[in-house]
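Step one of this worksheet: look at the structure below.
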Amino acid sequence: MGDEFYGLGVDIWSIGCIFAELFFNQTLFDKTNPDEMLWEIFKRLGSPDFSKWPLDESSKKRLGKLPEFAGWGFRDIQAAHPHFDFYACDLLKKMLDVNPCDRPTCQEILSHPYFLQ
């Protein structure tokens, strides 16, 4: 999204995607065009609060074309996959928070109730 800083949040996002793909045996966000990918992500997870997440001007201009999404989450996935329980859904939501600064650390992931069941 135009951010030049590579931090832990990027890796946590990847872990979240792999976590979901292991459950569902399919890619969670299956788009190749960056704008289509963002559309799918925001549609599912909601639009980020850009006031807490500064972007460069070109990214603001590009993303300003997208509508605001409330996000419909993972209810459809939970309904289709009963083994994807409350704790799995909660963990996935945290790893795929649209703001990378709000994603959990690896230690927080390992101490999530999903792994304590």
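Throughout, read-outs are computed from the coordinates displayed, never taken from laboratory work. These numbers come from a predicted model, not from an experiment. Cβ placement follows ideal geometry from the backbone for every residue including glycine, while neighbour counts extend to all protein chains displayed.
A few remarks follow.
- The slack in the chain from PHE86 to ASN25, taken as 0.36 nm per residue of separation less the alpha-carbon distance, amounts to 20.1 nm.
- Using 0.36 nm per residue and subtracting the Cα-Cα separation, the extra length available between SER58 and GLU40 on full extension is 4.5 nm.
- Environment charge at PRO104 (Cβ cut-off 15 Å; Lys +1, Arg +1, Asp -1, Glu -1): -2
- Per-residue Cβ neighbour counts within 10 Å put TYR6, TYR87 in the sequence TYR6, TYR87, beginning with the fewest.
- Simple label model, 7 Å out from Cα along Cβ direction - ASN33 to TYR6, nm: 2.7
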